[in-house]
1. I need every pair where a residue in the range 57-73 that is touching a residue at least 40 places away in the same chain (Cβ under 8 Å) has its Cβ under 9 Å from the Cβ of a residue that is part of a strand (DSSP E or B) and of a type in the set (Gly, Ala, Ser), sequence separation at least 6 or different chains.
2. Residues being hydrophobic (A, V, I, L, M, F, W, C) and assigned to a strand (DSSP E or B): count how many of those fall in the range 31-65.
3. Please verify whether the range 44-57 includes one or more residues that are over 12 Å from PRO4 (Cβ atoms) and among the β-branched types (Val, Ile, Thr).
4. Return the pairs, sorted by first residue and then second, in which the second residue is at pLDDT 95 or above and surrounded by fewer than 19 Cβ atoms within 10 Å (Cβ to Cβ), the first residue lies in the range 5-33 and is polar (S, T, N, Q), the beta carbons are less than 6 Å apart, and the residues are 6+ apart or on different chains.
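The values are calculated or read from the model by the stated rules, or taken from the named source; none is laboratory data. On a predicted model such as this, the values are computed, not experimentally measured, just so you know. Heads up, the Cβs are rebuilt from the backbone with ideal geometry, glycines too, and the neighbour counts pull from every protein chain shown.
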Amino acid sequence: MNEPVIRQPSMDEVVITVGEREFRIAAECPHRKGRLVHAHVNPRTLRITCPLHKSVFDLATGCRVAGPVSGDLPVTEGQAQRGETRR
């Protein structure tokens, strides 16, 4: 299974690559503005856990699935660029 790659190309956006899938999300959690560049991503379930208060969001839908009540996480999904360097 491919390890997720998390990068922050701008102050407002975080890009997460898991295998051939790429997810663009807001840089801050909708609950209390936790910095999602430091989040944990489960590559099997495609869920991201905010490091601040442990809110969990589904990367495919943006829906909150656990943690404190908050809005959903805006997500745009695309395909990872071939030849892109991954760490």
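1. Matching pairs, first to second residue: LEU73/ALA26.
2. 5
3. Yes; the residues of the range 44-57 include at least one that is over 12 Å from PRO4 (Cβ atoms) and among the β-branched types (Val, Ile, Thr).
4. GLN8/VAL37; THR17/VAL5
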